[in-house]
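The values are calculated or read from the model by the stated rules, or taken from the named source; none is laboratory data. These figures come from a predicted structure and were not determined experimentally. Positions of Cβ are backbone-derived with ideal geometry, glycine not excepted, and every protein chain shown enters the neighbour counts.
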Amino acid sequence: MEALLRWRGEDDELISPVDFIPLAEETGLIIPLGKYVLQQACFDAKSLIDQGANIIVSVNISAVQFREESFLQMVQESLQVSGLKSCFLELEITEGVLAKNIQRTQQLLSSLRALGVRIALDDFGTGYSSLTYLKSFPLDVLKIDQGFVRDMLVDKSDAIIVDAIVRISQAFELELVAEGVETLEQVSALQSLGCRIMQGYLYSKPIDYEEFVALLHSGRFGFK
Ligand code: MN
């Protein structure tokens with residue numbers, strides 16, 4: 001499961017992170033906000049695991065947060081206060097994190113992995129994604145950007161790119177997650193290419209914690 005953030009506005013409507021994360025990054029509020037998100041995600045995952053679920057929580061990390069000096073300590077603290085075992089936490093970073101301060105980033109990622117936390121490269125294949133990242137940084141997971149998955153059945157180029165990313169992940173022995181999966185046709189196309197882990201609206205739209213617990217208990221994902 002991936003932890004996603006929404007802001008409940010005054011009239012109870014949900015505000016998308018697209019509308020407030022850039023501002024939070026600009027003002028520095030991303031630091032306390034990111035800490036809150038990570039801790040809450042750890043507490044929620046711990047509680048689900050205590051209920052018998054075998055589930056990893058994946059948390060998006062902003063480049064601003066990642067560059068903060070106390071980041072590693074903050075991750076350690078979140079695991080400590082929640083009691084979540086590190087192997088159940090995955091941190092999602094984007095190429096924007098990897099593009100700067102290469103040496104420090106390598107060290108930090110190594111320290112996080114030494115803690116037992118998994119590292120995922122999010123939105124892979126977009127932005128300035130460089131294949132050099134795959135050989136320079138310790139990574140565990142690649143997440144194929146949803147744009148490729150969305151159009152892979154109608155656009156041959158997208159299908160070719162997905163195929164190539166699947167092969168790269170296999171060769172580098174990285175786990176692969178296809179994002180933005182919405183139809184069974186996409187599932188079988190991805191499966192035939194060798195992709196086994198999928199995420200998207202086909203499985204669930206973003207839901208709150210209580211709904212998520214109910215979804216798990218519904219038995220749809222083999223958990224009772
Ligand atoms: Mn993500």
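Quick rundown of the values:
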{"item": "Residue satisfying condition, being over 20 Å from L4 (Cβ atoms), in contact (Cβ under 8 Å) with a residue 24 or more places away in the chain and touching a Pro at 6+ places or on another chain (Cβ under 9 Å), within set L134, L153, L112, L98", "result": "L112"}
{"item": "Region 168-182, subset part of a loop (DSSP other than H, G, I, E, B) and closer than 13 Å to Q146 by Cβ, residue nearest to the ligand (Cβ to nearest atom)", "result": "E179"}
{"item": "Helices (runs of 4 or more DSSP H) enclosed by region 1-76 - at least 1 residues per element that are of a type in the set (S, T, N, Q) and closer than 25 Å to I119 by Cβ", "result": "30-50, 63-67"}
{"item": "Test result for A24, modelled with pLDDT of 95 or more and more than 16 Å from the chain's Cα centre (by Cα)", "result": "yes"}
{"item": "Single residue of V154, V162 found to be farther than 29 Å from V75 by Cβ, β-branched (V, I, T) and part of a loop (DSSP other than H, G, I, E, B)", "result": "V154"}
{"item": "Number of the condition not met by L216 [criteria: (1) closer than 23 Å to L5 by Cα; (2) free of Cβ contacts under 8 Å to residues at least 60 places away in the same chain]", "result": "(2)"}
{"item": "Test set (1) away from the ligand (no atom under 16 Å from the Cβ); (2) touching a strand residue (DSSP E or B) at 6+ places or on another chain (Cβ under 7 Å); (3) within 21 Å of P138 (Cα to Cα) - L14 fails condition number", "result": "(3)"}
{"item": "Residue tally, condition away from the ligand (no atom under 13 Å from the Cβ), assigned to a helix (DSSP H, G or I) and within 29 Å of L193 (Cα to Cα), over region 114-151", "result": "10"}
{"item": "Members of region 81-95 that are surrounded by 15 or more Cβ atoms within 10 Å (Cβ to Cβ) and in a helix (DSSP H, G or I)", "result": "S82, S86, F88, E95"}
{"item": "Candidates A3, A63, A99, A53, filtered to the one that is within 14 Å of the ligand (Cβ to nearest atom) and at pLDDT below 95", "result": "A63"}
